[in-house]
Amino acid sequence: MNSRKVRIRKRKRKKKIRRISVFLLMLAVLAGGTFYYVSQVYTASFQALDRGEKSDLREEAVNIGDDPISILLMGVEDYSTDGAAGRADTQIVMTLDPKTNQITMTSLPRDTEITLPEEKVGEKYSGEHKLNATYSIGEISGYGSEKLAVETVENYLDIPIDKFATVNFEGFMEVVNLLNGVTVDVKEGFWERSSQDYNKKIEFEEGPTAMNGEEALAFVRMRKREAALTYPREERQRQFIQAAIDEAISAGTIFKAGEIADVIGKNITTNLSPREIYALQKAFSSENSDVKSFTIEGENKRLENGLYYFVPDEESLQDVETKLKQELDLPGASVSVSQEDSSSE
């Protein structure tokens, strides 16, 4: 194994994490092993949405493993509420097409301005909010955390969200550690604060780097350092996913499937059934999968209520909507004029 190139400097004060990664789902799908262990992972984690078998924006229910689907991945910050009414600070819309092995990721800015209707959340919670608040408002209003989050994203992007998964950062780190770490070829050096201790610096040097769970989380979540301009988070996330895939399908992983199942079962909630997870595992656990990202351009603005929101560029938002509809093979999806400009690799 490559020697570790991560240097850690410790200090005294601690600060709780503010960002949470959602890549535990990918590890869960790819490291689940046999159908027995996939079932073991998701029996306790399964949570249906109160909407029947499909999104209201679908004419017919999708066949997982055969049809293109969308999944809303949410990293929920609930440390300050003992697991109740947390905020979904990280939200990523993934599309997966089993026929082409194409995966796309679209990160939604946490401060995106959205409007919650009174008929869903009541007069007290209706009106303008930031996107990351929908999860907690869904719970305290009684409408449902995941249901409100999913429907809000559907309305914002005008696409059906077929499935969802929420995850917390403790599970992410535990699974990476169970995999004996993940080695990533770091393209540009940078540093990031530890999620465990605000005053612990984790420094990444250029080249193959072996990362434990704490280090991997710092690697994929960095967004405020200068290196983020030339080495963006989306690229690092794609790198990590591929490295995790390589590690998860290695010969020794199957012997840890029971331990991984136990960790994931405590840290993830999803409406993907065990059979659907197994179908995705079969479809995407190969080296042929291609991952690309779409970006919604915009800027942070102070609005009339005095708060700062992310306000998207309307042309960019429309372009991303069109591309996502094409990826999902939705009826009536027109050709995007800037398709060739998407940030794919």
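Numbers for the structure displayed
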item: Spatially close lysines, pair count over the range 66-222: Cα under 26 Å, gap of eight or more or interchain; result: 10
item: Heavy-atom surface of the range 179-229, accessible at 1.4 Å and reported per residue (Å²); result: 40 Å²
item: Added length on full extension, which subtracts the Cα-Cα distance from 0.36 nm per residue, residue 63 to residue 316; result: 88.1 nm
item: The range 91-167 - percent of accessible surface contributed by carbon and sulfur, probe 1.4 Å; result: 41 percent
item: Protection proxy ranking, peptides 198-207, 93-102, average beta carbon neighbours within 10 Å, highest first; result: 93-102, 198-207
item: Gain upon complete extension [residue 99, residue 185; 0.36 nm per residue less C-alpha separation]; result: 28.1 nm
item: Pairwise label distance in nanometres, residue 223 with residue 301, each label 7 Å out on the Cα-Cβ vector; result: 2.0 nm
item: Alpha carbon convex hull of the range 126-210, volume per residue in cubic angstrom; result: 184 Å³
item: Using θ = phi - 60° and Karplus 6.51 cos²θ - 1.76 cosθ + 1.60, couplings along the range 138-148 (whole Hz; Gly, Pro as x); result: x, 6, 6, 7, x, 6, x, 4, 5, 4, 5
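The values are calculated or read from the model by the stated rules, or taken from the named source; none is laboratory data. Source: prediction; values computed, not measured. A quick note on method: Cβ atoms are made from the backbone with ideal geometry, for glycine too, and the neighbour counts reach across all protein chains shown. For accessibility, only protein heavy atoms count, side chains too; no ligands or nucleic acids. Shrake-Rupley method; radii C 1.70, N 1.55, O 1.52, S 1.80 Å.
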